[in-house]
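Chemist: Mind having a look at this structure? Questions to follow.
The values are calculated or read from the model by the stated rules, or taken from the named source; none is laboratory data. Owing to the predicted nature of the structure, the values given are computational and were not obtained by experimental measurement. With ideal geometry, Cβ positions are generated from the backbone for all residues, glycine too; neighbour counts draw on all protein chains shown. To get the accessible areas, we keep the full protein, side chains included, count just its heavy atoms, and leave off ligands, DNA and RNA. Shrake-Rupley method; radii C 1.70, N 1.55, O 1.52, S 1.80 Å.
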Amino acid sequence: MSITVSHISKSYGKVTALKDISFDVKKGELFGLIGPDGAGKTTLFRILTTLLFADEGTATVAGYDLVNDYKKIRSHVGYMPGRFSLYQDLTVEENLNFFATIFGTTIEENYDLIKEIYVQIEPFKTRRAGKLSGGMKQKLALSCALIHKPKVLFLDEPTTGVDPVSRKEFWEMLKRLQQKGITILVSTPYMDEAALCDRIALIQDGKILEIDTPEAIVKHYPKKIYDVRSDHMYKLILDLNAFQHKHSVYPFGEFVHYTDTREAFNTAELENYLKEKGHQNIIIKPTKTTIEDTFMELAK
Amino acid sequence: MIKQNVIEATQLTKKFGNFTAVNAITFKVAKGEIFGFLGANGAGKTTAMKMLIGISNPTSGQANVAGFDVYKNAEDIKKNIGYMSQKFALYDDLTVKENITFFGGIYGLKRAVIKEKATVLIDELGLHDVANDLVGSLPLGWKQKLAFSVALLHNPKIIFLDEPTGGVDPITRRQFWELIYKTADNGTTVFVTTHYMDEAEYCDRVSIMVDGKIEALDTPKKLKEQFKVNSMNDVFLKLARG
């Protein structure tokens, strides 16, 4: 095991940030913590990177105990916080050099590991970090988190606020790092990124809702989901919510995901109901469950 | 029925030195429309939006927003639009009530009107129990819904939303969109940026900016047909990746 977390809890005054969290991450695994802002993801990252004490529970990272061996953990993990935390007044190259030196290594020694990422920002290596674009900052932060060849990499919401193209590229980068044997714990509020992880933990309000592979989590969904649409989407949402047998109604892109409370559900009945309400061009058809459906069902 | 346009931009351009951030964009947005303004990071969305809300002067081109010219009547534009973004929306160190009062005042509403609106708003959002709590202590989802309602306090013709749902949980994100639908249904135009491509599907029309230019503009359905793909995510990837 690369990370073991056992019954970790943490409160800030009255606010419970984490409540009895337990999970394991295998060596070389790409493990995702999926949950919205305020779920407790950052608190967990800060605890596992030894920046914060847990109130209760124990954990090991790279085989070391969180409290007794915290110094060893620090030299074996890379951490990319959610908020850009490099030195804005240092240049790209100075930042990288600084982090290499702190960890007693050099850029040259581990250049192989960061090469693919760093070459993209190398043309700007004399530019101050504060003057970089969002995408470039992200690449520099990742380079700095990797420069000492960590065994475990912690990435706290690396793709928040990042456009879909850059997000896709970032995940391709993570997959290649994983192939180099690095264990990765990554958090994200984007449910579609969950499918790219080996295993995920769905987390909300400091509690883990479920842990499994993305495929298995989707399979556990208890209901059959239908795609519904008509010409007037807002009215459709209101009318579906008013339907007496509705279990859940959630907009999903061009369709609304609808589930019924009954086991045996006849779509013709719903179609008639919507027709009576004045909807036109009604489509009702079965659809695939997504991680987001599961998350919302569990978080309800 | 002739649709009234509340935003008309023609060849709108912004240059910073040699760099053209927004390159001659031309588009119209109709009253009551939900208009999705998409693009990769650095494509020029924020710069374009700043010109439309009257806080940045264009280098060249024309734009008329809520009936006012961006060069001559920037102050009038500000009075007739609402704005919220993920980064700046409300003051964390003020309570829910104080924020409403403050923004109502900024928008020039009378005290009595503010008081009345505050009551309705707190009621609608179910914030009774936290009305005297600091906004900083509220969950993000609540904050965003409150910020949205506050940006509508002065009944603006257009509301500009800059990534309003970033990081918000999936249920609240959907509730937020129901607020958007409701607002548009009442005739207020919604101009919104997002990185969630499922949200792009909720828009009446979507524009996609690439390197300062609008490279695509149509309904989500037609864009998917045009690029022969099944989702807005794929439209985006095709366009922005070149």
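Chemist: Can you give me the distance in nm between label points at A:K72 and B:K31, each placed 7 Å from the Cα along the Cα-to-Cβ direction?
Modeler: The modelled label-to-label distance comes out at 7.2 nm.
Chemist: Which one of A:I114, A:Q178, A:P158 is farthest out on the positive end of the charge dipole of chain A, using unit charges on Cβ (Lys, Arg +1; Asp, Glu -1) and the Cα centre as origin?
Modeler: Checked the options; the winner is A:I114.
Chemist: Separation between the B:N186 and B:N18 pseudo-spin-labels, each 7 Å from Cα along Cα→Cβ, expressed in nm?
Modeler: It is 5.0 nm.
Chemist: How big is the C-alpha Rg of segment A:149-214 next to the rule-of-thumb value 2.2 N^0.38 Å, as a ratio?
Modeler: Taking the Cα Rg and dividing by 2.2 N^0.38 Å, one obtains 1.12.
Chemist: Okay, next question. At a temperature of 20 °C and a viscosity of 1.002 mPa s, determine how fast the protein assembly as shown diffuses translationally according to Stokes-Einstein, using the Kirkwood radius over alpha-carbon pairs as Rh; express D in µm²/s, rounded to the nearest whole number.
Modeler: Diffusion coefficient, whole number: 85 µm²/s.
Chemist: Now, a different point. Working from Cα positions, state the angle (0 to 90°, nearest 10) between the long axis of helix B:140-151 and the longest principal axis of chain B.
Modeler: On a 0 to 90 degree scale, this one is about 90.
Chemist: Give me the percent of DSSP beta bridges within segment B:5-241 that run antiparallel, rounded to the nearest 5.
Modeler: 55 percent
Chemist: Same structure again: Just subtract the alpha-carbon distance of B:A112 and B:T10 from 0.36 nm times their residue separation and send over the number in nm, one decimal.
Modeler: 32.7 nm
Chemist: Here's a follow-up. Between A:R262 and A:Y12, what is the label-to-label distance in nm when each label sits 7 Å out along the Cα-to-Cβ direction?
Modeler: 4.8 nm
Chemist: Here's something else I'd like to know. What is the Cα convex hull volume of segment A:150-300 when expressed per residue in Å³?
Modeler: Value for segment A:150-300: 135 Å³ per residue.
Chemist: Which of the peptides B:185-198, A:273-286 is most tightly packed, and how do the rest follow, going by the mean number of other Cβ atoms within 10 Å of each residue?
Modeler: Per-residue Cβ counts within 10 Å, averaged per peptide and sorted highest first, yield B:185-198, A:273-286.
Chemist: For segment A:226-299, just say rounded, prolate or oblate: build the C-alpha gyration tensor, square-root its eigenvalues into a ≥ b ≥ c, call rounded for a/c under 1.5, and beyond that prolate if a/b exceeds b/c, oblate if not.
Modeler: Prolate, since a/c reaches 1.5 and a/b exceeds b/c.
Chemist: Restricted to Cα positions, what overall size does chain A have along the principal axes? Three whole-Å values, descending.
Modeler: On the principal axes, chain A reaches 72, 45, 36 Å in Cα extent.
Chemist: Also, quick follow-up: Which value, in Å² rounded to 10, gives the accessible area of B:D92 with a 1.4 Å probe and all protein chains present?
Modeler: 70 Å²
Chemist: How much accessible area does B:W142 have with a 1.4 Å probe, in Å² rounded to the nearest 10?
Modeler: About 110 Å², rounded to the nearest 10.
Chemist: Let me ask you something else. Mind grabbing the interface size between A and B? I mean buried accessible area, both sides, 1.4 Å probe, in Å² to the nearest hundred.
Modeler: That pair of chains buries around 2500 Å² in total.
Chemist: Could you derive backbone 3J(HN,Hα) for segment B:90-99 from the dihedral phi with the Karplus parameters 6.51, -1.76 and 1.60 (θ = phi - 60°), listing whole Hz in sequence and x where the residue is Gly or Pro?
Modeler: After applying 6.51 cos²θ - 1.76 cosθ + 1.60, I find 10, 8, 4, 8, 10, 6, 4, 4, 4, 4 Hz.
Chemist: Quick one: check the C-alpha center-to-center distance for segment A:259-300 versus segment B:122-190, whole angstrom.
Modeler: Their Cα centres are 26 Å away from one another.
Chemist: Ok, one more. How big is the dipole moment of chain B about its Cα centre under a simple scheme where the beta carbon of each Lys and Arg is +1, that of each Asp and Glu is -1, and everything else is neutral? Debye, nearest 20, please.
Modeler: That gives chain B a dipole magnitude of about 660 debye.
Chemist: Which of the three applies to segment A:106-162, rounded, prolate or oblate, going by the alpha-carbon gyration tensor with a ≥ b ≥ c and a/c under 1.5 meaning rounded?
Modeler: oblate
Chemist: Please report the net charge: other residues with Cβ closer than 13 Å to the Cβ of A:G57, K and R +1, D and E -1.
Modeler: -2
Chemist: Using a Cα-Cα cut-off of under 14 Å, which aspartates and glutamates could be cross-linked to A:K224, ignoring same-chain neighbours fewer than 8 residues away?
Modeler: Qualifying aspartates and glutamates at Cα under 14 Å: A:D260, A:E263, A:D293, A:E297.
Chemist: Based solely on its DSSP helices, what 222 nm [θ] is calculated for chain A when runs of n ≥ 4 H residues each add -39,500 (n - 2.57) and the sum is averaged over all residues, nearest 500 deg cm²/dmol?
Modeler: The per-residue figure over chain A is -9500 deg cm²/dmol.
Chemist: Just checking the output field for A:163-172: average partner chain Cβ neighbours within 10 Å of each residue's Cβ?
Modeler: 5
Chemist: Over segment B:27-183, what relative contact order in percent results from Cα pairs under 8 Å that are six or more residues apart?
Modeler: Answer for segment B:27-183 is 25 percent.
Chemist: Let me ask another. Output the relative contact order of chain A, whole-number percent, from Cα pairs under 8 angstrom with separation of 6+ residues.
Modeler: Rounded, it is 20 percent for chain A.
Chemist: Give the percent of DSSP beta bridges with both residues in the protein assembly as shown that are antiparallel, rounded to the nearest 5.
Modeler: Counting DSSP beta bridges with both partners in the protein assembly as shown, the antiparallel share is about 60 percent.
Chemist: Note down the net charge around B:G104, summing +1 for each Lys or Arg and -1 for each Asp or Glu among other residues with Cβ under 11 Å from its Cβ.
Modeler: +3
Chemist: Can I ask one more? Beyond 30 Å between alpha-carbons counts as too far, so tell me which of A:K246/B:K87; A:K26/B:K238; A:K168/B:K222; A:K235/B:K222; B:K3/B:K224; A:K139/B:K182 fall in that bin.
Modeler: Table pairs above 30 Å Cα-Cα are A:K246/B:K87; A:K26/B:K238; A:K139/B:K182.
Chemist: Translational diffusion coefficient, Stokes-Einstein: compute it for segment B:84-131 using the Kirkwood radius over C-alpha pairs as Rh, at 25 °C and 0.890 mPa s, and state it as an integer in µm² s⁻¹.
Modeler: 218 µm²/s
Chemist: Moving on to the next point. Would you rank A:K223, A:K10, A:K168, A:K288 by solvent-accessible area, highest first, keeping every protein chain in place and using a 1.4 Å probe?
Modeler: The most accessible residue leads, giving A:K288, A:K168, A:K223, A:K10.
Chemist: I'd like the accessible area for B:F19: 1.4 Å probe, protein heavy atoms, all chains in place, Å² to the nearest 10.
Modeler: 120 Å²
Chemist: Treating the angle as unsigned and between 0 and 90°, give the value, to the nearest 10°, between the Cα long axis of helix A:233-242 and the longest Cα principal axis of chain A.
Modeler: The answer is roughly 70 degrees.
Chemist: Here is a further query. In bins 5 Å wide, starting from 0, what share of all Cα pairs of chain B does each bin hold, as a percent?
Modeler: 1, 6, 14, 17, 19, 17, 12, 8, 4, 1, 0
Chemist: Another one. Rank these by accessible area, largest first, 1.4 Å probe: A:T49, A:T4, A:T106.
Modeler: Most to least solvent-accessible, the answer reads A:T106, A:T4, A:T49.
Chemist: Provide the FRET efficiency to the nearest 0.05 for the B:F227-A:T101 pair, computing r from the beta carbons and using R0 = 56 Å.
Modeler: 0.70
Chemist: Related question: Just to make sure I understand: if all protein chains stay in place, what is the order of A:Y87, A:Y118 by accessible area at 1.4 Å, largest first?
Modeler: So, going from the largest accessible area down, we get A:Y87, A:Y118.
Chemist: How large is the helix-only mean residue ellipticity at 222 nm for chain B, computed as the sum of -39500 (n - 2.57) over DSSP H runs with n ≥ 4, divided by its residue count, in deg cm²/dmol to the nearest 500?
Modeler: Roughly -11000 deg cm²/dmol at 222 nm, from the helical runs in chain B.
Chemist: For A:Q179 and A:Q244 in one chain, what is 0.36 nm times their gap in residues minus the Cα-Cα distance, to one decimal in nm?
Modeler: Here the segment from A:Q179 to A:Q244 would lengthen by 18.3 nm.
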